[in-house]
Amino acid sequence: MKFLGCVSLLLASSAVTADVHKVSLHKRSDEEMVLGHLKRESDALKGVLHLSPLEVEPPGLRGNVQGPESEIIKDYGNAQYFGTVSLGSPPQSFQVIFDTGSSNLWVPKVGCTHCGLPFISHKHKYDHDKSSSYTVDGKDFEIMYGSGSVSGFFSLDDVTLADDLVVDGQRFAEIQDAGGLGMAYSLGKFDGILGLGFTSISIDGAVTPFENLIRQNKIDQPVFAFYLGDNGPGELTFGGYDSSKFEGDLEFVKLDAATYWQITLDSIEAGEYKKEASDKITAIVDSGTSLITGPKAEISKLAAAVGAKPNIMGEYTIDCSTLDRIPDVVFEIGGNKYTIPGDKTVIQAQGTCLFAFMGMDFPAPGPQWILGDVFMREYYTVFNYVDQTIGFAKAVKNNSDGDAMAVV
């Protein structure tokens, strides 16, 4: 795949003068991630022993929604970053996952069922009766997840990002029942999802918030960029990118498909494992997935090459005493090598080291691999909506744990 050097130079020349808008992204702790892994393992073992029902296999990538409409799906139990948006006038605030692997905005409405647990996981709920900028739509919204559906109806209202970036009359979904996301949602720290994929995969063709920013001339550049802090909060920039957050030059690669942010890989290597592109290897760059996923057969071989052991749920752990000896994992994209250091392929807490790769087989036309937050923490990632390219550069690391990112 050929890099677009001219695009890189053009963006570099405009990044300094572009009026950018930033959202601080808060990171779910590694302890929560590992505790979730341990609970899934315990539940699965109980199921095998008939002590409780065995949970279903993690859902596939794509779910059907009454015919041709479809949406990328996941359980979001592995989502690790979330930030704040506001809907309506006066603004009602919500914590959302900014998800490049989906394309709709949805939040729970007042009266929503399966939307959080009392005293444990309170969800902010949208009340259109309290918004003077609300407009009725009313068309049904439904998406199928592994254990059921998330359903509601469409509405229109103003959406505010980064304090001062307003999308006028954004079409979004008010969710009445979030049961399809199960406990991952009920116990999660997020209220809803803001999809940053393309309108081509949006439920009912609803124009995405980011495309509306472009159409409404609200941003200088048709670009957004993620910086995921290694030991602290991250940052999402709209309308440009922040050159202080990466080293060297951005290398841009053309999308394979403008649905998800899908690219092709040249190869994947780790220790004695190597997968080369004898056939096309597809991957999406997905901010809504914390781990890296690949075909089950390939992940099994990759895990064996680094010394990781599988559990009953298809997740892998590794001996924490071997962290300094774990081989690097190298993805070659467009002729450039992108290295995930061995110790960065592990999420460690509570004496457990979770190998941050999981095997999942997605039916066509779904991608073979997902490059989630484990990859994006290492590489500052720029998404160009109009040119349909993604740029990567080595991310600058946070200086200390918990340092908040500036929001300007």
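Annotation: amide H-H contacts under 5 Å for Gly366 (H modelled 1.01 Å from N, sequence separation of 5 or more, or interchain): none.
For Ile318, the accessible surface of its heavy atoms amounts to roughly 10 Å² (probe 1.4 Å, protein chains only, rounded to the nearest 10).
Kirkwood radius for the stretch 240-315, taken over all pairs of different Cα atoms as the inverse mean of 1/r, rounds to 15.0 Å. Across the stretch 108-117, computed HN-Hα scalar couplings (Karplus, 6.51 cos²θ - 1.76 cosθ + 1.60, θ = phi - 60°) run x, 9, 4, x, 4, 9, 6, 10, x, 10 Hz from first to last residue, x flagging Gly and Pro. In this structure, Asp140 and Ser24 have a Cβ-Cβ separation that, at R0 = 35 Å, corresponds to a calculated FRET efficiency of about 0.55.
Considering all C-alpha pairs of the stretch 111-188, those separated by over 19 Å amount to 44%.
Heavy-atom accessible area with a 1.4 Å probe sorts Lys337, Lys218, largest first, into Lys337, Lys218. A simple spin-label model places pseudo-atoms 7 Å from Cα toward Cβ; at Ser186 and Asp168 they are separated by 4.3 nm. Accessible surface for His26 stands near 80 Å², nearest 10, in the context of the full protein assembly shown (1.4 Å probe).
The values are calculated or read from the model by the stated rules, or taken from the named source; none is laboratory data. Bear in mind the structure is a predicted one, so any value in this text is a computation, not a measurement. Cβ: placed from backbone, ideal geometry, glycine included. Neighbour counts: every protein chain shown. In case anyone asks, the SASA skips ligands and DNA or RNA and just uses the protein heavy atoms, side chains included. Shrake-Rupley method; radii C 1.70, N 1.55, O 1.52, S 1.80 Å.
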